[in-house]
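The next block holds one structure in the form of structure tokens; read it before the comments.
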Amino acid sequence: MTIKTILTEPSKILRQISLPVEKVGKEEQILMNDMLETMYDAKGIGLAAIQIGVPKRIIVMDISKDDKKKPMYFVNPIIKNKNSNYSTYEEGCLSVPNQFAEVNRPSECEIEYLDFNGKKIFLKASGLLATCIQHEMDHLEGILFIDYLSKL
Ligand code: K1U
Ligand code: ZN
């Protein structure tokens, strides 16, 4: 596994729209392992492939609080449903160093995606899991959390 360089604002690459993965193969699995290693090294809880310069619709996350790692892999995630109730969370981003801000997002969402082995999964997310997956899915569209903040 290799630790990659995380791109930071104002890199134009971060603004690219990532492309769907046709098949979860060896190349994608190596990429997901490298992303996870890079995310753990940077003390993050999520990372999208575009943050290391790869425009594929792939996300890794680990929101576990204890020392036991619980990695999650999302390939081609799609939000099928969003709660109309919003919650606020103070977000950060490894691509926007040293900036944190409160962002409102739907408090729950339902996602369909492929896992590390290409198996289709349906997940109901709430709390930090819902916040983080929505933040990471924004990266796939070239959106950063600072885009939601008022210019004031
Ligand atoms: O760069 C990223 O997309 C990862 C980002 C994920 C995230 C954090 C908080 C809310 C939404 C999405 C981070 O991991 S920022 C790193 C960080 O400072 C942090 C770590 C643990 C909990 C909260 C923030
Ligand atoms: Zn981010």
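Here D41, D115 are screened, and the one residue that is open to solvent by 40 Å² or more (accessible area, probe 1.4 Å) and over 12 Å from the mean Cα position of the chain (by Cα) is D41. One residue stands out in region 58-78 among those that are open to solvent by 40 Å² or more (accessible area, probe 1.4 Å) and closer than 16 Å to M137 by Cβ: the one that is nearest to ligand 2 (Cβ to nearest atom), namely I63.
Here are K69, K56: which of them is over 14 Å from the mean Cα position of the chain (by Cα) and not small (G, A, S)? Even if it seems obvious, please write down each step before you answer.
On the way: K56 fails: over 14 Å from the mean Cα position of the chain (by Cα).
Only one candidate passes the filter, namely K69.
Among the residues making up region 79-99, those that are part of a strand (DSSP E or B) and either open to solvent by 90 Å² or more (accessible area, probe 1.4 Å) or within 16 Å of ligand 2 (Cβ to nearest atom) (or both) are K80, K82, Y86, Y89, E90, E91.
The values are calculated or read from the model by the stated rules, or taken from the named source; none is laboratory data. Keep in mind that this is a model prediction, so the values were computed, not measured. All Cβ positions, glycine included, derive from the backbone under ideal geometry; neighbour counts span all protein chains shown. For accessibility, only protein heavy atoms count, side chains too; no ligands or nucleic acids. Shrake-Rupley method; radii C 1.70, N 1.55, O 1.52, S 1.80 Å.
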